[in-house]
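A.B. asks: I'd like to ask some things about the structure below.
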Amino acid sequence: MLGLLTGVYVYDVFFPVLSELGGEQRFITLPMVLNIRYGYLAIALGVMFLGLSFFLHRIDPARKFDSEQEKLPVIKREWGWLPTGIIAGLMIFITTAQGQYLSFSGSFLALGAHIASFFNWTMQSVPGVSDNTAWRAMLILGVFPGAFVSSLLAHTIKQEKVTPLFRAAFGERFILRLATIFIGSVLMIVGALTGGGCTTGAFMSGWPTLSIGSFAMGMTFFGSAMLTAHILYFRRYRLVLEVKEKERLNLAND
């Protein structure tokens with residue numbers, strides 16, 4: 001959270017330069033380009049993406065670790081892409097019905113502007129605070145009790161687990177993890193604000209409009225994430241599988 005807020009102010013310092021990147025923003029949708037009614041395209045693409053999601057889920061190598069989750073009660077385990085996707089879709093629908101736009105990077109920017117206003121500082125990227133920016137800032141403030149309640153119900157509030165892949169790649173050094181998260185958060189929010197949205201605003205909220213820009217950003221998000229994961233973890237993936245298999249055998253022997 002500190003890294004994201006720091007990134008907001010870094011973005012504001014360089015706002016005159018970053019806001020000029022990419023030229024003039026334009027709203028271009030797939031129905032506009034193909035000259036096909038929105039409803040037809042939305043239904044067709046929705047069915048196609050659902051089918052693709054089911055297929056990718058079936059071949060996902062990470063499913064090897066799902067057996068551990070399946071043994072846990074529903075409230076304690078990860079819910080998977082389908083139920084969480086439905087919840088996210090309902091959130092986007094409710095937000096749109098209120099005349100708002102669900103976006104976490106924009107909400108962090110709004111929260112940063114409200115914090116700055118307490119010190120009589122007006123940010124370049126947010127000329128003034130209003131009911132709209134307050135609404136967005138509250139979205140971020142709601143993350144804290146939400147994360148707390150989730151961890152409390154799952155009985156993980158006192159646990160600090162390092163994922164097997166991260167442990168294999170970097171070990172469990174707290175300082176390294178702290179620095180990685182902080183620097184990554186700064187770069188992430190600066191990139192999201194420069195690009196005009198994050199995975200929430202530009203991806204989840206933008207795709208239902210069939211925006212060409214949202215499709216491009218979505219592919220960029222996933223492509224960059226896959227490439228980064230490949231670079232960091234490819235050589236260590238087999239090591240993790242071997243460790244998990246040894247743990248499984250030890251449990252079976254016990």
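A.B. asks: Ranked by Cβ crowding within 10 angstrom, fewest neighbours first, how are LEU232, LEU193 ordered? Walk me through the numbers before you get to the answer.
C.D. replies: Numbers: LEU232 14, LEU193 23.
In increasing order of surrounding Cβ atoms, one gets LEU232, LEU193.
A.B. asks: What number of lysine-lysine pairs in the chain show an alpha-carbon separation below 23 angstrom, given a sequence spacing of 8 or more or placement on distinct chains?
C.D. replies: Within the chain, the lysine pair count is 13.
A.B. asks: Divide by every residue of the chain the summed helix terms, -39500 (n - 2.57) for each DSSP H run of at least 4, and state the resulting mean residue ellipticity at 222 nm, rounded to the nearest 500 deg cm²/dmol.
C.D. replies: Calculated at 222 nm, the ellipticity per residue is -22000 deg cm²/dmol.
A.B. asks: Through the Karplus equation 6.51 cos²θ - 1.76 cosθ + 1.60, θ set to phi - 60°, convert the phi angles of region 5-20 into ³J(HN,Hα) values in whole Hz; use x for Gly and Pro.
C.D. replies: Computed from phi, the couplings for region 5-20 are 5, 4, x, 4, 6, 5, 4, 5, 4, 9, 4, x, 7, 5, 5, 8 Hz.
A.B. asks: Order of TYR9, TYR38 from fewest to most other C-beta atoms within 10 Å? Numbers along the way, then the final one.
C.D. replies: On the way: TYR9 18, TYR38 14.
Final ranking by Cβ density, sparse to dense: TYR38, TYR9.
A.B. asks: Hey, another quick one. Across region 134-144, in residue order, what do the Karplus-derived ³J(HN,Hα) couplings come to in whole Hz, using 6.51 cos²θ - 1.76 cosθ + 1.60 with θ = phi - 60° and x for Gly and Pro?
C.D. replies: Per-residue couplings from phi come out as 5, 4, 5, 5, 5, 4, 6, 4, x, 5, 5 Hz.
A.B. asks: To make sure I understand, if each residue's beta carbon is the centre and we count other beta carbons within 10 Å, what order do LYS76, LYS71 fall in, fewest to most?
C.D. replies: On the way: LYS76 12, LYS71 8.
Fewest-to-most ranking of LYS76, LYS71: LYS71, LYS76.
A.B. asks: Something else about it: Would you grab the residues whose amide H sits under 5 Å from the one on THR29? Only those 5+ places off in sequence or on another chain, please, with H modelled 1.01 Å from N.
C.D. replies: Under 5 Å from the amide H of THR29 lie the amide H atoms of ILE212, each far enough along the sequence or on another chain.
None of the figures in this text is laboratory data; all of them are computed from the coordinates on show. The structure presented is a predicted model; accordingly, all values stated were derived computationally and were not measured. All Cβ positions, glycine included, derive from the backbone under ideal geometry; neighbour counts span all protein chains shown.
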